[in-house]
Amino acid sequence: MTRTIQQINERIRSGSAVVLTAEEVIDAVKQDGIKTAFKKVDVVTTGTFSPMCSSGAFFNIRQSKEKMKIGGGFATLNHVPAYAGLAAADIYLGATALPDGDPRNGNGRPGKFRYGGAHVIEALVAGRKVTLRAGGYGTDCYPRRERVQEIGLEDTNDAFLFNPRNGYQNYNVAVNPSDKPIYTYMGKLKPKLGNANYCSAGQLSPLFKDPYYRTIGIGTRVFLGGALGYVAWSGTQHNAAVPRRKNGAPVRPAGTLALVGDLKQMDPRWLRAVSFAGYGVTLSLALGVPIPILDEEMLRFAAVTDEEIVAPVVDYSRFYPTGEGEPVLGEVSYAELKSGRIRLKGKTVPTGSFSSYAKAREVARHVKALIESKAFLLTEAQAPLPGARGEQEVRS
Amino acid sequence: MKQVRTVLFFPPESVEEPVTYHLISDHGLRVNILRARIDPGKQGRMVVDLEGDDSQLAAGLNYLERIGVEVKPLTTEIRHMEETCTACTACIPHCPTGALSVDRDDSWAVAFEPEKCILCLSCMEVCIYGAMVLGEE
């Protein structure tokens, strides 16, 4: 027996679809076994809430009466520079952008990075105004050369989040075997393996539950930052061709998603600016993807547990920055990571995460509720991600 | 015997006073310094456990007040903003006393027990959400 996405959507519309979160399905399969559970379960919802530097938003700023061409000029929002190499009124603000005056990691001290592009995006999503400063060189059709104005999302024609990369399928566990502390995008790492930082929701994380991208592809509808969004493309650095376990789970960072969603529908509960001491500003974002349980294999994938997926432990004092030394110091399961300590090189190392499991669970439950209330129907992917199994490569 | 954990704020004029010596030798207190930052000529701050009987403690605190050292309970010092915290757990391996902990069996919520805190401020540096704040900030 198999079922189609259309059949699942019919059941969602009629209110009879059975939707479980990626945690709940683990218990259901443990209790009933794959065959019996498959007969019941239509959809499994996943979730993650985690920083992702490859985030940003496009804005189309509503023109004033006298029009201006920002393209080829410059634009800042609350002093944070936006990209102004597009058309007259389009700009892109990246999450990691910093005001010119920020000391960064100057004076030999790790910077605090209290304000950047992500903070501007968060402020706008929270309904606050920010100061636009823009300059252009003036043309016959766009005579205005300067504009300073308080703007909110209501002053834009369009505002959409576009993340070139999100939803990483597995990620490194970062450690520091050196004898001094280091500040990285995986947080502060204490010397001599003082801590191990990871960043995945593990058994709740979307791509761990569809390891061969059988259902998640280009065009898949997702929950993003509080709004409905879509998979726009495979994410940057997407790499399906990594070693995998028998259950399909990659043992290295693998697939990624490029995501798009309407910023005007997003909510600060699901989108937060963050500051990494010594590293920079970035954006934490909720992502939830429902997995249609088309057949028993999809259920097996969706019911994978933290015990069955592993992450590589990487030296961020030497191998990551320089490419020298041992590439992978070991592999640990997400169950071990979540226990609070791992064993590495004969040492017990305490763990910390940047991906919030509590929030990931909230996301999965929220998406489940959206589906149950018929506010979220599943989509067929329009094209597979590179390396998707059993799908013909249709992208050129 | 009673033990109090407290924060001592030194105004610039008493930074060079041998406060710990007086607490121990004049008032018979056992003083355990958990954390201290004292810059000559500037203000200083020290987190201490003071141990003694009621009269010793009263005399010691009286002495501190006399020389202008402000004595504050530890709990007013650092706060965990639950609304801001996402319970990511990044702070957990940095907290040396277990004042910050996470319920791994059930809710995955992060809890803060101020009485275990020694104000090392490590959590403030590593919290990317700014969920740990000092004083009345």
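The values are calculated or read from the model by the stated rules, or taken from the named source; none is laboratory data. Given the structure is predicted, the values throughout are model-derived calculations rather than measurements. Here the Cβ positions follow ideal geometry from the backbone for every residue, glycine too, while neighbour counts run over all protein chains shown.
So here's what we get for this one:
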{"quantity": "Odd one out for B:T20 among (1) surrounded by fewer than 20 Cβ atoms within 10 Å (Cβ to Cβ); (2) assigned by TED's automatic domain parsing to the domain that holds B:I118", "calculated": "(2)"}
{"quantity": "Set B:C117, B:C95, B:C85, B:C127: member being without any contact (Cβ under 8 Å) to a residue 60 or more places away in the chain and either more than 25 Å from A:S355 (Cα to Cα) or more than 14 Å from chain A (Cβ to nearest Cβ) (or both)", "calculated": "B:C117"}
{"quantity": "Qualifying residue in segment A:365-381 (condition: touching a strand residue (DSSP E or B) at 6+ places or on another chain (Cβ under 6 Å), touching a residue at least 12 places away in the same chain (Cβ under 8 Å) and at the interface with chain B (Cβ under 10 Å from one of its Cβ atoms))", "calculated": "no"}
{"quantity": "Matching residues, segment B:88-100, being surrounded by 24 or more Cβ atoms within 10 Å (Cβ to Cβ) and either at pLDDT below 95 or assigned to a loop (DSSP other than H, G, I, E, B) (or both)", "calculated": "B:C88, B:T89, B:A90, B:C91"}
{"quantity": "Residue in segment A:182-197 that is farthest from the other protein chains (Cβ to nearest Cβ), counting only those that are assigned to a strand (DSSP E or B) and among the aliphatic types (A, V, I, L, M)", "calculated": "A:I182"}
{"quantity": "Within segment A:198-226, considering residues that are away from chain B (no Cβ under 14 Å) and in a strand (DSSP E or B), the one farthest from A:L287 (Cα to Cα)", "calculated": "A:I218"}
{"quantity": "One residue from A:A75, A:A82 being among the hydrophobic types (A, V, I, L, M, F, W, C), under 22 Å from the mean Cα position of the chain (by Cα), modelled with pLDDT of 95 or more and not in a loop (DSSP other than H, G, I, E, B)", "calculated": "A:A82"}
{"quantity": "Boolean, A:T45 is under 27 Å from B:T86 (Cβ atoms) and either surrounded by 23 or more Cβ atoms within 10 Å (Cβ to Cβ) or over 22 Å from the mean Cα position of the chain (by Cα) (or both)", "calculated": "yes"}
{"quantity": "Residue under evaluation A:V44, criteria (1) touching a residue at least 60 places away in the same chain (Cβ under 8 Å); (2) of a type outside the set (G, A, S); (3) assigned to a helix (DSSP H, G or I), criterion not met", "calculated": "(3)"}
{"quantity": "Filtered residue count, segment A:216-233, keeping only those that are farther than 9 Å from A:V289 by Cβ and of a type in the set (V, I, T)", "calculated": "1"}
{"quantity": "Count of segment A:8-29 residues which are under 17 Å from A:A302 (Cβ atoms) and free of Cβ contacts under 8 Å to residues at least 24 places away in the same chain", "calculated": "2"}
{"quantity": "Odd one out for A:E324 among (1) within 14 Å of chain B (Cβ to nearest Cβ); (2) outside any strand (DSSP E or B); (3) not aliphatic (A, V, I, L, M)", "calculated": "(1)"}
{"quantity": "Checklist (1) assigned to a loop (DSSP other than H, G, I, E, B); (2) surrounded by fewer than 17 Cβ atoms within 10 Å (Cβ to Cβ) applied to A:V304, failing item", "calculated": "(2)"}
{"quantity": "Residues being surrounded by 24 or more Cβ atoms within 10 Å (Cβ to Cβ) and in contact with a helix residue (DSSP H, G or I) (Cβ under 6 Å, 6 or more places away or on another chain) - total across segment A:251-271", "calculated": "3"}
{"quantity": "Segment A:335-361 - residue that is without any contact (Cβ under 8 Å) to a residue 40 or more places away in the chain and exposed (fewer than 15 other Cβ atoms within 10 Å of the Cβ) and, of those, nearest to the other protein chains (Cβ to nearest Cβ)", "calculated": "A:S339"}
{"quantity": "Single match in A:G111, A:G56, A:G73 (criterion: surrounded by 18 or more Cβ atoms within 10 Å (Cβ to Cβ) and in contact with a helix residue (DSSP H, G or I) (Cβ under 8 Å, 6 or more places away or on another chain))", "calculated": "A:G56"}
{"quantity": "Qualifying residue in segment B:66-73 (condition: buried (at least 16 other Cβ atoms within 10 Å of the Cβ), under 30 Å from A:P350 (Cα atoms) and either away from chain A (no Cβ under 14 Å) or out of contact with any Gly (no Cβ under 9 Å at 6 or more places or on another chain) (or both))", "calculated": "no"}
